[in-house]
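Okay, so here's the structure we're looking at.
The values are calculated or read from the model by the stated rules, or taken from the named source; none is laboratory data. Please read all numbers here as calculations on a predicted model, not as lab measurements. Glycine gets a Cβ as well: all are built from the backbone with ideal geometry, and neighbour counts include every protein chain shown. For the accessible areas, the whole protein counts, side chains as well, though only heavy atoms, and no ligand, DNA or RNA atoms are used. Shrake-Rupley method; radii C 1.70, N 1.55, O 1.52, S 1.80 Å.
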Amino acid sequence: MSFVRILLLFFTFLLLSQAQPPSDAPSPSPSPSPPSSTVCIIGAGIGGSSVAHFLREYSPRSSDFPTKIIVFERRTTVGGRMATVTIAGETFEAGASILHPKNLHAVNYTNLLDLKVKPPSSESNSIGIWNGERFVFKTVKIGSDIPLVNQLLKLPLIDYVVSNLVSLVNSVLLFFRYGFSLLKMQSFVESAVDRFLKFYEVPGSRPVFETVDEMLKWAGLYNLTTRTLQDELTDVGLSPLLINELVTVITRINYGQSVLMSGLAGAVSLAGSGGGLWAIEGGNWQMAAGLINQSDAELHLHEEIISIANLGDYYELSSAKGKSYSCEVAVVATPLDELNIQFTPPIAVPKRKLQHTHTTFVRGRLNPEYFGLSRATKIPELVGTLEDPNIPFSSISVLKKHNEKESTFKIFSRQPMADTLLDKIFSARNETIQIDWAAYPHYKPPETFAPFILDGRHLYYVNAFENAASTMETSAVAAENIARLITSRYFGKVIEYPSRKVTASSQGVDAHLDL
């Protein structure tokens, strides 16, 4: 070997030896990688599906987010308290039924999932307030006992003229009975809605909330949960007649409760009686199904979670099927009040009573004698009731008029409707379906709230917000905050959010006053 080659080998060895760190020196740390984990969501209603959606929405780079989302649903279908029934080939909402034009998350879900909004009803429905013996107030009803006249009223030009004339007459009737209190009620509702809109501001301009109290105080809504709706409306100058009649009818229909419910839930109820209300063609449950699907979540139907154990670095979920699942993050997106989930260690949430709404669907014909009337055509399309324990139902509304002798009706009541009672209310019943919904909390101010974070770690509770108000949209608002809590607390940073502001880009349509 030549001297030159020996020299080159020597210098190569010298350079390599200098490039290596000493054997006792620590190896350079690899760049930190985001945690890979699993988020388990219990409940496939609008709350749980919205959590899954917003977790994906706020994580544009998959490497920044957990590899798996698992959604558990104890029923055989998704949607939770959004469900439908089919009567005479028609699909009707059996649970959460209406959406407000300013329910901006629902509006955006509809656009994102390419869902179809129900077309507006061409009929102007009459309203009657029944005190158990007679109607104390009725609006004018379009229709006649003569079939030929009804056919003429359906002609486009005649329908347009008559509908507008009837609407004007009914506005005058309402004003003569309730006066300027109607405008004060509208102002009260608009004020509450405007404050609620703060929850749609771009994420960078609003905090991530760890408690419901903080969330409501930031929006200026907390005080409404400390007093009754009756007290709030009295303070803004509504007449006792309006509160005891029209407002009571609305709260009994939308929440099955009286004006002694808390003020914020009451304001939400009144907002659900305005114009522009809408729903999804084929059922609102499609929002939950679509959100779960587009979030690439693993869905386990008909699998009830019976226990959640905190094992330190992760949670172990056990199901009624005898299966176990490990999750770094667990989200409860269903009311805990009537469930028997065992938590280890135990958690503490304020006790609350759920208001059960019994929904009865009847295809048939109302009995005018029950209402003290001579003909069924004189019964309003929507019968609301006053707060009286002797009145066995909250409301009866026409969902679909099949022909002159048969319609599909929807009845809300606080107790099950016995067959003997239904046979008095209806002169004919061809089909009857009854559903018992644990629909929403029984509101009693001052409200107390369960925490969003149940254990100080990564066990979250979407339905804590329901003690403020329970709707599809409030569940979505709470779910969006939960998703932000997870991304900021578990991942140790706030992931870059989309810069767009949530906006309403579609028009709502008219619908019945419903759940």
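Of the candidates Gly276, Gly256, the single residue that is open to solvent by less than 30 Å² (accessible area, probe 1.4 Å) and in contact with a Ser or Thr (Cβ under 9 Å, 6 or more places away or on another chain) is Gly256. Residues in the range 375-392 that are surrounded by fewer than 21 Cβ atoms within 10 Å (Cβ to Cβ) and either touching a strand residue (DSSP E or B) at 6+ places or on another chain (Cβ under 9 Å) or closer than 26 Å to Ile243 by Cα (or both): Ala376, Lys378, Leu382, Leu386, Glu387, Asp388, Pro389, Asn390, Ile391, Pro392. Kindly establish whether Leu197 is open to solvent by 40 Å² or more (accessible area, probe 1.4 Å) and under 17 Å from the mean Cα position of the chain (by Cα). Taking the combined requirement at face value, the residue satisfies it. Residue count for the range 332-374, restricted to those that are open to solvent by less than 30 Å² (accessible area, probe 1.4 Å), more than 19 Å from Thr474 (Cβ to Cβ) and part of a loop (DSSP other than H, G, I, E, B): 1. For Leu515, the conditions (1) in contact with a Ser or Thr (Cβ under 9 Å, 6 or more places away or on another chain); (2) under 29 Å from Ile87 (Cβ atoms); (3) at pLDDT 95 or above are fulfilled apart from (3). Scanning the range 458-492 for residues that are at pLDDT below 95 and assigned to a loop (DSSP other than H, G, I, E, B) yields Tyr490, Phe491, Gly492. Out of curiosity, is Gly266 under 22 Å from the mean Cα position of the chain (by Cα) and of a type outside the set (Val, Ile, Thr)? So Gly266 fits the description; yes. Any residue that is polar (S, T, N, Q), over 30 Å from Val247 (Cα atoms), in a loop (DSSP other than H, G, I, E, B) and open to solvent by 30 Å² or more (accessible area, probe 1.4 Å) - is there at least one of those in the range 280-288? No, because not a single residue in the range 280-288 is polar (S, T, N, Q), over 30 Å from Val247 (Cα atoms), in a loop (DSSP other than H, G, I, E, B) and open to solvent by 30 Å² or more (accessible area, probe 1.4 Å). Looking only at the range 469-478, decide whether some residue is within 17 Å of Gly80 (Cα to Cα), in contact with a strand residue (DSSP E or B) (Cβ under 7 Å, 6 or more places away or on another chain) and hydrophobic (A, V, I, L, M, F, W, C). Yes, because at least one residue in the range 469-478 is within 17 Å of Gly80 (Cα to Cα), in contact with a strand residue (DSSP E or B) (Cβ under 7 Å, 6 or more places away or on another chain) and hydrophobic (A, V, I, L, M, F, W, C).
So, in the range 430-452, how many residues would count as being closer than 15 Å to Thr359 by Cα and either hydroxyl-bearing (Ser, Thr, Tyr) or out of contact with any Asp or Glu (no Cβ under 6 Å at 6 or more places or on another chain) (or both)? Looking only at that region, the number is 9. Can you find a residue that is in contact with a Gly (Cβ under 6 Å, 6 or more places away or on another chain) and hydrophobic (A, V, I, L, M, F, W, C) anywhere in the range 365-387? The answer is yes; a qualifying residue exists. I'm checking my understanding of the structure. Among residues of the range 393-406 that are closer than 15 Å to Arg363 by Cα and within 28 Å of the chain's Cα centre (by Cα), which one is surrounded by the most Cβ atoms within 10 Å (Cβ to Cβ)? Here the residue is Ile396. Does Ser427 satisfy the criteria of being over 30 Å from Arg352 (Cβ atoms) and among the small types (Gly, Ala, Ser)? Judged against the criteria, Ser427 is a match. For the range 50-58, the condition holds for no residue, the condition being that it is part of a loop (DSSP other than H, G, I, E, B), open to solvent by less than 10 Å² (accessible area, probe 1.4 Å) and modelled with pLDDT of 95 or more. With respect to Ser397, is the statement that it is part of a strand (DSSP E or B), closer than 30 Å to Leu242 by Cα and at pLDDT 95 or above true? When the stated conditions are applied, Ser397 passes them. Taking the criterion of being of a type in the set (Phe, Trp, Tyr) and modelled with pLDDT of 95 or more, the only residue of the range 250-279 that qualifies is Tyr255.
Yes/no per residue for (1) within 27 Å of Val462 (Cβ to Cβ); (2) aromatic (Phe, Trp, Tyr); (3) assigned to a helix (DSSP H, G or I):
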{"residue": "Glu190", "(1), (2), (3)": "no, no, yes"}
{"residue": "Lys198", "(1), (2), (3)": "yes, no, yes"}
{"residue": "Phe209", "(1), (2), (3)": "yes, yes, no"}
{"residue": "Glu214", "(1), (2), (3)": "yes, no, yes"}
{"residue": "Trp218", "(1), (2), (3)": "yes, yes, yes"}
{"residue": "Asn223", "(1), (2), (3)": "yes, no, yes"}
{"residue": "Asp231", "(1), (2), (3)": "no, no, yes"}
{"residue": "Leu242", "(1), (2), (3)": "no, no, yes"}
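Going by the structure shown, is Lys424 modelled with pLDDT of 95 or more and surrounded by fewer than 16 Cβ atoms within 10 Å (Cβ to Cβ)? Taking the combined requirement at face value, the residue satisfies it. Of everything listed in (1) surrounded by fewer than 19 Cβ atoms within 10 Å (Cβ to Cβ); (2) charged (D, E, K, R); (3) in contact (Cβ under 8 Å) with a residue 24 or more places away in the chain, the single unmet condition for Lys321 is (3).
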